[in-house]
Amino acid sequence: MEPPISESQANLYYNSYYLVYAVLPLLKLLCLTVIGLILAHPRTQLVPKATFKLLSKLVFALFLPCTIFIHLGETITVKNFMRWWFIPANVLLSTAIGCLLGYLVAKICKPPPQYFRFTIIATAFGNTGNLPLAIVGSVCHSSDNPFGPDCYTTGVSYVSFSQWVAVLLVYTLVYHMMEPPIEYFDVVDGGGEIQEQLPSNDLSRPLLVEAEWPGMEDRETVHCKTPFIARVFTSVSTLSYSSIPDPDSLEEASAPTSPKSIRCLAEPRVVRKLRIVAEQTPVRHVLQPPMFAILLAFIVGMVPPIKSVVYGKEAPLEFLTDSLNILAQAMVPSVMLILGGMLAEGPNESELGVRTTVGISVARLLVLPLLGTGVVYLADQLNFLIPDDRMYQFVLLLQYTTPSAILLGAVASLRGYAVREASALLFWQHVFALFSISIYIIVYFKLLLSYV
C-alpha cells in the first residue's frame, strides 16, 4: 500500500490504522469468549461445568504463575522496581476514585440499605489481573503491533507488577467492605433460615465463584460470615447479637490473670479494637500461587547472578524457562474460555435493582475511564511515568477501564453476603464491557500512538 499524499488522506489512513489495531485484538478475545459460551451453554453442554472449574484452577495454580514468572522475572531489576512505582500507586488511586464514584452512585440510585457498601466496592474494585493480561496478550499477538517487539513481555510485566497490591486490597478493603451488615445479619439470625447460602457441593456452585481465585470460598475463618467489625466498633444495645461473637471473648484465653499485669499491659480501647480487627483479617491467605510467582520473580530477577542462570538464550536453565513459557501460552485462551463459561450461566436474580445495576455499570465502565485518562495525563505531565513508554501508559489506563473484579463473587461467597447480586452485576458488566472497552481502547490508541 502506497503512503498517503494529501493531509486528508493521511488522516484517513492513520484513523483506520488505529481502528484496526484497537478492534482486532478485542475481536480475537470476543471469539474465544463466544467459544467458551457455546461450549458451556446449558442447551449444548459440550463441556461440563466441572471441566471449566478445573480449567480455572489450572489458570490460577499453573498458567498464571508461569506467565508472571517468565515475563516479570525477565524484565524486573532493582532500577525497574523503582521506576515502576506508579503502577501499584495507580491501583490505589483507581480504587480510591472508584470508592468516591460508588458513594455517589449509592446516594443517587438508593440501593437497598444492606447493599450500600456493596455498591461502593463493586464500583471501586476493578479487574487488574486476568482481563488486562488477556487484552495485552491479544494486542501484542501480531508481530507488527504498534508497541514494538517487546510488547508482550513488558505489558505482562507491568500488569503482573500491580497484582500484589490488588491481592492485598482483596484481603483487606474488599474483605471488610463485603462484611454482612449488622442489621441484616440480626434480621436473618432472628428470623430463621433466610441467610443466603451457597450449596456445599462444589459442582453446584456458580462458575463465577471460582472463575478467578479458585478455593477462596473454602478458606473460611471463624467470623468471616458475621458482622464482626460492626460488633467491635458499635455499642448499640437495641439489636440482638446472640450469635455474633463478643470480641472481648477472643482474648479471654490469652488474657493475663494478674491484676498487676493487666494494668501494665493495658492499651487504649481504640487500639485494642483495631488490633482485634487486624488479627481477624485473613492476610495470611495472600500467599497463593500467583503471589509466590511474583515474589520468586522479584528474587530471581533482581539478583543478577541468579538471573543469568535462569533467563537468557545461553542460560543453563533455559530449558526450564522454555517449558514454563509453553505453559504460559495457555493462559489467555483459558481465561477467555472461562469468561464465556461464566456468561453462559446467565444472570442470577438480584435484589440490587435495575437502577443501581445500571448506575454501577455506567460509573465503572464509562465515567471512571474518563477520570483515569485525566489522572494518567496529569501523572505524565508531572514526570511520574516512564518517558515515551506507551505500553506503560496503556496498562495504567486499562486499570480504570475494566469491569468490576470477578473476585467480588468469590469474596461474596466467602462472606455469605450479596452472592446473587454480585453474580448478576458481574454478568451485566462483562456484557456491557465488550462495548465500553472497545470504545476506550480505540480512544487510548488514538491518544497514545498519535504522539509516537
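The values are calculated or read from the model by the stated rules, or taken from the named source; none is laboratory data. Quick caveat, the model's predicted, so the values are computed rather than measured. In this analysis, Cβ positions are derived from the backbone assuming ideal geometry, glycine residues included, and neighbour counts consider all displayed protein chains. Ligands, DNA and RNA are excluded from the accessible area calculation, which covers all protein heavy atoms including side chains. Shrake-Rupley method; radii C 1.70, N 1.55, O 1.52, S 1.80 Å.
Accessible surface ranking for His71, His141, 1.4 angstrom probe, highest first: His141, His71.
The protection proxy used here, the mean number of other Cβ atoms lying within 10 Å of each residue, ranks peptides 99-108, 126-135 as follows, highest first: 126-135, 99-108.
With 26 Å as the limit, the listed pairs Lys28/Lys57; Lys28/Lys53; Lys57/Lys446; Lys79/Lys307; Lys313/Lys446; Lys79/Lys313 have Lys57/Lys446; Lys313/Lys446 beyond it between alpha carbons. Relative to the current alpha-carbon distance between Leu327 and Phe81, full extension at 0.36 nm per residue lengthens the span by 86.0 nm. Pair-distance distribution P(r) for region 349-435, from all Cα-Cα distances in 10 Å bins starting at 0: 17, 38, 26, 16, 4 percent. Per-residue extension of 0.36 nm, minus the Cα-Cα distance of Arg43 and Ala61, leaves a gain of 3.5 nm for this segment.
Applying 1/(1 + (r/R0)^6) with r as the Cβ-Cβ distance of Ile299 and Lys110 and R0 = 56 angstrom yields a FRET efficiency of 0.70. In region 17-151, the portion of solvent-accessible area held by carbon and sulfur atoms comes to 72 percent [1.4 Å probe, whole percent, DNA, RNA and ligands not counted]. A probe of 1.4 angstrom, applied to the heavy atoms of all protein chains, finds Lys110 with accessible area near 150 square angstrom. The calculated pair-distance distribution of region 35-162 uses every alpha carbon pair, bins of 5 angstrom beginning at 0, and gives 2, 9, 12, 13, 14, 15, 15, 12, 6, 2, 0 percent.
For a modelled paramagnetic label at Leu24, 7 Å from Cα along Cα-to-Cβ, the residues of region 311-333 in reach, with backbone nitrogen under 20 Å, are 332-333. Expressed as a whole percent, the accessible surface of region 325-415 that belongs to carbon and sulfur atoms is 63, based on a 1.4 Å probe. For Asn80, neighbours were defined as the other residues whose beta-carbon sits under 14 Å from its Cβ, and their charges (Lys and Arg +1, Asp and Glu -1) total 0. Rolling a 1.4 angstrom probe over the protein heavy atoms with all chains in place gives region 279-370 an accessible area of 49 Å² per residue. Normalised by the number of residues in region 390-451, the average gap of Cα pairs under 8 Å and 6 or more apart makes the relative contact order 46 percent.
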